[in-house]
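Below is one structure, written out as structure tokens, with a few remarks after it.
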Amino acid sequence: MTLPSKHILLAVTGSIACYKAIDLASKLTQAGAKVDVILTTAAQKFVSPLAFQAVTGGAVYTDLWGNDAHILHVQLGEQADLLLVAPCTAETLAKLAHGHADNLLTVTALAARCPIAIAPAMDGGMWQNPAVQANVASLQARGVLFWGPAQGRMASGLVGVGRMLEPAELLERVRLFGARNGQWAGKKVVVTAGGTQEAIDPVRYIGNHSSGKQGFAVAQAALELGAQVTLISAPNSLPTPFGATRVDVRSAEQMLAAVLAHTAQADVLVMAAAVADYRPQHTLTQKVKREKQESLQLNLVRNADILLAVAEQKERTGYPGVTVGFAAESQDLLAHAQSKLERKKLDLMVANDITASDAGFFVETNRVILLGKDGSREELPLQSKLDVARALCQRILQLLSEA
Ligand code: PMT
């Protein structure tokens, strides 16, 4: 429920991409938004009002001349948090650019007090046509947002720029847009995630079981609050939360460099990554051949403690403002977590027992205890890693307000 109480006015125009608009309306509704729909006459040749009523439970408006029409177009634009035109045809784009008022959508757009976002959909080379581009430019100059179109295969079979973004991609954009005035608007948050890989030879490395899910969830939760998020990630195949700047690293040494660089002006650092404490003293340049060696001895040396290096940076520069660590423990959870909280000079430590089958590495859920440097302790129940992340962000907000 990342769009609770948001009122989205979804305007659908006559493109074959209309069928995706039903899924988009459903996704927005499931995310907690109140969705009202405007269908143009051409859109009704592709989809029915009933389809949208079924997935949104909201109103579907089709007619400028129906009852109460004289106020409808004003009301709709006033009540909405966002007018999203998806799909938007070249024809509707032209009408909006030139201030036409010939149907419920165009009059509502003229009367709208809310922001307007457009998801273009058109075939062939229409998108590149100078007339279309001129309309886009004049709408952008008036602050209208453009989400897409994407490169891909179109209804005609042609491949090019003109496909409407997928519903899931549009939902991400609505979410991020909805967060722009959130509690963390303007705050720079750096998050690390995943398990570093310490090379043995060009093929092999020493790693750990971190999937990156908890760190990626923290990045998502911070984005939902409107933060500017930099996600420093060890190798993993997770999709980057939309709106985050992703910095890919592999080794602990690379993560150290990236963290120091990106926290130099950051308000918050959350170290959810599983950073290797040791690395092979020598990385072999050639792959070890098993035939030639009965056994393989590795001499491991300690990696720098990134959070300690951050503490020194914070001492010198004041950045990052708030530092949060995660403690992955298999025994004496609180004692070890408390010791790391102090030794690494953190503001907050998130302790998790990585031996639990439903918490820690890889799984979708986590059970954490938040340890404050003020001695406070808050045990959170088992929940999704995203809900853990949201609760953690609220706790960090308290620290920021106290700072
Ligand atoms: O990624 P998932 O599969 O979702 O699993 C989540 C998680 C278990 C990895 C995560 O919740 C977690 O516990 N991350 C921290 C793992 C870890 O390295 O914990 P640690 O107790 O070894 O280190 C304590 C803190 O110091 C951590 O914030 C770590 O990022 C940091 N550290 C560790 C080593 C090092 N050389 N420098 C560091 O800054």
>> Keeping all protein chains in place and using 1.4 angstrom, which order do HIS73, HIS7 fall into by accessible surface area, from largest down?
In response: HIS73, HIS7
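Pairs LYS287/LYS314; LYS95/LYS187; LYS188/LYS344; LYS188/LYS213: which exceed 29 Å Cα-Cα? Before the final figure, lay out the partial values.
Working: LYS287/LYS314 40 Å; LYS95/LYS187 38 Å; LYS188/LYS344 21 Å; LYS188/LYS213 21 Å.
Listed pairs above 29 Å: LYS287/LYS314; LYS95/LYS187.
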> MET164: accessible area at probe 1.4 Å, nearest 10 Å²?
Replying inline: 10
> With point charges of +1 on the Cβ of Lys and Arg and -1 on the Cβ of Asp and Glu, referenced to the Cα centre of the chain, which listed residue (GLN151, LEU397, HIS98) lies farthest in the positive direction of the dipole?
Replying inline: GLN151
>> Using the basic label-point model (7 angstrom from Cα toward the beta carbon), what is the LEU296 to SER384 distance in nanometres?
In response: 4.0
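Can you put LYS289, LYS187, LYS45 in order of accessible area, largest first, using a 1.4 Å probe?
Numbers: LYS289 90, LYS187 70, LYS45 165 Å².
From most accessible down to least: LYS45, LYS289, LYS187.
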> Say the dipole of the chain comes from +1 at the beta carbon of Lys and Arg and -1 at that of Asp and Glu; which of PHE216, ILE22, THR245 then lies farthest toward its positive end?
Replying inline: THR245
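Over all alpha-carbon pairs in the range 251-378, figure out the percentage whose distance exceeds 18 Å.
Values: 4966 of 8128 pairs.
That fraction is 61 percent.
Would you mind getting the accessible area per residue of the range 1-110, heavy atoms of the protein chains only, 1.4 Å probe, in Å²? Before the final figure, lay out the partial values.
Values: 4600 Å² over 110 residues.
I get 42 Å² per residue for the range 1-110.
Mind checking the range 301-403 for chymotrypsin sites (Phe, Trp or Tyr not before Pro) that DSSP puts in a loop (not H, G, I, E or B) and that have at most 15 other Cβ atoms within 10 Å?
Details: sites: PHE326, PHE361, PHE362; in loops: PHE361, PHE362.
Sparse-neighbourhood loop chymotrypsin sites (Phe, Trp or Tyr not before Pro): PHE362.
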>> At 1.4 Å probe size, what's the solvent-accessible area of GLU402? Round to the nearest 10 Å².
In response: 130
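Would you please give the FRET efficiency between GLN79 and LEU260, computed as 1/(1 + (r/R0)^6) with r the Cβ-Cβ distance and R0 = 41 Å, to the nearest 0.05? Provide the component values of the computation, followed by the final result.
Values: r = 48 Å, r/R0 = 1.16.
After rounding to 0.05, the efficiency reads 0.30.
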> Considering the dipole of the range 243-372 built from charges on the beta carbon (Lys and Arg +1, Asp and Glu -1) around the Cα centre, which of THR323, ALA257, ALA273 is farthest to its positive end?
Replying inline: ALA257
> So what's the Cα pair-distance distribution over the range 70-148, bin width 10 Å, in %?
Replying inline: 19, 54, 23, 4
> Quick one: putting +1 on the C-beta of Lys and Arg, -1 on the C-beta of Asp and Glu, what dipole do you get for the range 239-368 around its Cα centre, in Debye to the nearest 20?
Replying inline: 520
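Would you calculate the volume per residue, in Å³, of the smallest convex hull containing every Cα atom of the chain?
Cα convex hull per residue, to the nearest whole number: 190 Å³.
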>> Which residues does the label zone of GLN286 cover in the range 191-225, counting backbone N under 16 Å from a point 7 Å along Cα→Cβ?
In response: 201-204
> Taking the Cα centre of the chain as origin and charging only Cβ (+1 Lys, Arg; -1 Asp, Glu), how large is the dipole, in debye to the nearest 20?
Replying inline: 680
>> Run the simple label-point estimate for ALA54 and ALA42 please: 7 Å along Cα→C-beta, distance reported in nm.
In response: 2.6
> For helix 385-402, what angle does its Cα long axis make with the longest principal axis of the chain, in degrees from 0 to 90 and rounded to 10?
Replying inline: 80
> Using a 1.4 Å probe, how large is the accessible area of ARG390, given in Å² and rounded to the nearest 10?
Replying inline: 70
> Relative to the first principal axis of the alpha-carbon coordinates of the chain, what is the inclination of helix 167-178, with its axis defined by its Cα atoms, in degrees from 0 to 90 and to the nearest 10?
Replying inline: 80
> Using a 1.4 angstrom probe with every protein chain in place, what is the largest-first accessible-area order of TYR61, TYR278, TYR319?
Replying inline: TYR278, TYR319, TYR61
> Once you put a point 7 Å from the Cα of LYS373 and another 7 Å from the Cα of GLU253, both along the Cβ direction, what distance in nm separates them?
Replying inline: 3.0
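The values are calculated or read from the model by the stated rules, or taken from the named source; none is laboratory data. The structure displayed is predicted, hence computed values, not measured ones. In this analysis, Cβ positions are derived from the backbone assuming ideal geometry, glycine residues included, and neighbour counts consider all displayed protein chains. Just so you know, the surface numbers come from the protein's heavy atoms only, side chains and all, with ligands and any DNA or RNA stripped out. Shrake-Rupley method; radii C 1.70, N 1.55, O 1.52, S 1.80 Å.
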